[in-house]
Structures are given as structure tokens and as C-alpha cells.
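A quick write-up on the structure given underneath.
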Amino acid sequence: KVELSDQANGTVVADAVMVVPSGTSADRVTYTPTLSGAGTLDIYAKWSESSMRAEAVQYTIHHAGGSTDMVVNQQQPSAGWFRLGAFSMSPGQNHRVEVA
């Protein structure tokens, strides 16, 4: 039995949970949007501010034009959502965003 909580002493400590099979690596997270039609999407990332964040987080956006890699310093102050860019995507094309 696994019990999950997002609070510790009244303070939110997590806003996401990832479950992976035992013995596998959890060093990459993939987000695959559910698309109702083809179009251009603005892709954003968000994280909480902390000096403990990574300085070089790799984002790979797989889109209609191929894939775009970028490295983001998550120690930089974030004023909300961080825009990664605008990308053309279509349903059924395995378009996705990977974070490593």
C-alpha cells in the first residue's frame, strides 16, 4: 500500500508524483499532450524557486518540424510560467515534451 500526501505540517511539499517500475531509471519525464487538432502550441514550464534546483535542465520538444533541444537554468528566478517556445503539433504524431 502506498499513501501519497502533498502536505507536511501544513506546507505543500510537492505538486507532482511520478511512479516508475522498480529497477528502471526516473531521469526523464515525458509529457504527451492530448491534441484535438493540428495547430501551434505555446509550451511553458513551471517550477518552484530554490537554490537547490538544477542549473542545466534539458527540455526536448518533439514537434512537426522535428525536435528542439534547450537547456534551462531552474535556479534563475521564475516569475510564473517560463515560455519554452511555440511549436506546431498534430494528433497521432507522437509529439511530446521530454524533461531530463
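A few remarks follow.
- When the residues of region 38-47 are filtered to those that are surrounded by 12 or more Cβ atoms within 10 Å (Cβ to Cβ) and assigned to a loop (DSSP other than H, G, I, E, B), the one that is modelled with the lowest pLDDT is W47.
- Test for A54: is it touching a residue at least 24 places away in the same chain (Cβ under 8 Å) and surrounded by 12 or more Cβ atoms within 10 Å (Cβ to Cβ): no
- Residue match in region 73-82 (condition: surrounded by 15 or more Cβ atoms within 10 Å (Cβ to Cβ) and of a type in the set (A, V, I, L, M, F, W, C)): yes
- Count of region 60-100 residues, restricted to those that are of a type in the set (V, I, T) and touching a residue at least 60 places away in the same chain (Cβ under 8 Å), is 2.
- Any hit, region 25-37, residues being of a type outside the set (S, T, Y) and at pLDDT 90 or above: yes
The values are calculated or read from the model by the stated rules, or taken from the named source; none is laboratory data. Since the structure is predicted, the reported quantities are computational estimates derived from the model, not experimental observations. Please note: Cβ atoms are built from the backbone with ideal geometry, for glycine as well, and neighbour counts cover all protein chains shown.
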